[in-house]
Amino acid sequence: MTAAAFVTLEGGEGAGKSTVLAHIRDYLAAAGIDAQFTREPGGTPAGEAIRGVLLDPAYRGLCAESELLLMFAARAQLVRDVVRPALAAGRWVVSDRFTDASFAYQGGGRGQPEARIADLEAWAADGLRPDLTLLLDLPVAQGMARAGSRGGEADRIEREQLDFFERVRAAYRARAAADPERFRPIDASRPIGDVLVQVERTLARFLSARSAP
Ligand code: Z5A
């Protein structure tokens, strides 16, 4: 029996989160682990509506403060409606992004003060922190090229410039360096097969540590 865990996946543009998430889903199912998958911003009906506002290029004038508060409005709902109840029922929760993304994008990218984001984390996100965070890290230009090759229209945040995403990456890396117990950096610049091997090894180690008596 493995205790319920909250696992998050983070990374910049085109890091390969979608591909990795599908693999995590298969891996946990094969290990007999009941997991709830969700995403941010979103994951609840209200959260998905907020996501629509956040990513819609029509709102390009959204100020940094509104952006930060909307991220946490969606998160507050997700924590209370999805994450806390699932963990309480003994289920794992795997989320495509969580509060680290706010520290990286709204903090690093937009320059919102770290202390302000930490306050929001404490009350809006109920102080909830993941047990394990996989950080898919790769050079910004490489990620942008991958995302670009996927086609489709860029959303409001994807329209930001290279220097914005460089600050996002630097903030993610700084957070990972400051909390090596929770963060596991994954070299996402490698071919997808190598990335999935790194992810599997990380999950296997986490699982064995978690089920140790
Ligand atoms: N955001 C925020 O600002 N603050 C917050 O608090 C939160 C979020 C929670 C929406 O997130 C936006 O919200 C996001 C951050 C912000 N904005 N941006 N930019 P999202 O997670 O939904 O969107 P995203 O980051 O843009 O993710 P994505 O577009 O789904 O990308 P991805 O899942 O990381 O990549 P992918 O689709 O799996 O891969 C991209 C392409 O590369 C695809 O064609 C793959 O086949 C290919 N790929 C993947 N891996 C490889 C490897 N290893 N080699 C070669 N090719 C690969």
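The values are calculated or read from the model by the stated rules, or taken from the named source; none is laboratory data. Every value quoted in this text rests on a predicted model; they were computed, and no experiment measured them. As a convention, Cβ positions derive from the backbone with ideal geometry for all residues, glycine included, and neighbour counts pool all protein chains shown. Calculation scope for accessible area: heavy atoms of the full protein, side chains included, ligands and nucleic acids excluded. Shrake-Rupley method; radii C 1.70, N 1.55, O 1.52, S 1.80 Å.
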Give segment 1-25 a look and list any residue that's open to solvent by 50 Å² or more (accessible area, probe 1.4 Å) and more than 15 Å from the ligand (Cβ to nearest atom), or say none. M1, A3
Restricting the search to segment 63-86, which residues are within 13 Å of the ligand (Cβ to nearest atom) and of a type in the set (D, E)? E67
Quickly run through segment 164-180 and pick out the residues that are closer than 18 Å to T8 by Cα and not hydrophobic (A, V, I, L, M, F, W, C). R169, Y172, R173, R175, D179, P180
Tabulated pairs, segment 51-77, first touching a residue at least 60 places away in the same chain (Cβ under 8 Å), second assigned to a helix (DSSP H, G or I) and open to solvent by 40 Å² or more (accessible area, probe 1.4 Å), C-beta under 7 angstrom, 6+ apart or interchain: L54/L70; Y59/V53
Taking helices (runs of 4 or more DSSP H) that fall entirely within segment 113-213, which contain at least 3 residues that are free of Cβ contacts under 8 Å to residues at least 24 places away in the same chain and either β-branched (V, I, T) or within 10 Å of the ligand (Cβ to nearest atom) (or both)? 192-211
I'd like to check something: does segment 48-56 contain any residue that is farther than 28 Å from L196 by Cα, more than 19 Å from the chain's Cα centre (by Cα) and more than 9 Å from the ligand (Cβ to nearest atom)? yes
Of the conditions (1) on the phi > 0 side of the Ramachandran plot; (2) open to solvent by 10 Å² or more (accessible area, probe 1.4 Å); (3) near the ligand (Cβ under 10 Å from one of its atoms), G42 clears all except one; give me its number. (2)
Can you confirm whether segment 87-94 contains a residue that is β-branched (V, I, T), surrounded by fewer than 22 Cβ atoms within 10 Å (Cβ to Cβ) and either within 16 Å of G42 (Cα to Cα) or within 8 Å of the ligand (Cβ to nearest atom) (or both)? no
Does segment 95-107 include one or more residues that are more than 11 Å from the ligand (Cβ to nearest atom), touching a helix residue (DSSP H, G or I) at 6+ places or on another chain (Cβ under 6 Å) and either open to solvent by less than 10 Å² (accessible area, probe 1.4 Å) or at pLDDT below 95 (or both)? no
Would you tally the residues in segment 87-112 being in a helix (DSSP H, G or I) and under 18 Å from the mean Cα position of the chain (by Cα)? 12
Restricting segment 108-127 to residues that are aliphatic (A, V, I, L, M) and open to solvent by 10 Å² or more (accessible area, probe 1.4 Å), the residue that is farthest from L68 (Cα to Cα): A122
Residue count, segment 130-144 (criterion: in contact with a Phe, Trp or Tyr (Cβ under 8 Å, 6 or more places away or on another chain) and open to solvent by 40 Å² or more (accessible area, probe 1.4 Å)): 2
Residue list for segment 19-50, restricted to those being within 30 Å of F206 (Cα to Cα), part of a helix (DSSP H, G or I) and free of Cβ contacts under 8 Å to residues at least 12 places away in the same chain: A22, D26, A29, A30
Could you look through segment 10-61, keep only residues that are β-branched (V, I, T), touching a strand residue (DSSP E or B) at 6+ places or on another chain (Cβ under 9 Å) and farther than 27 Å from R110 by Cβ, and pick out the one that is modelled with the highest pLDDT? I24
A careful count of residues in segment 145-184 that are surrounded by 12 or more Cβ atoms within 10 Å (Cβ to Cβ) and hydroxyl-bearing (S, T, Y) gives 1
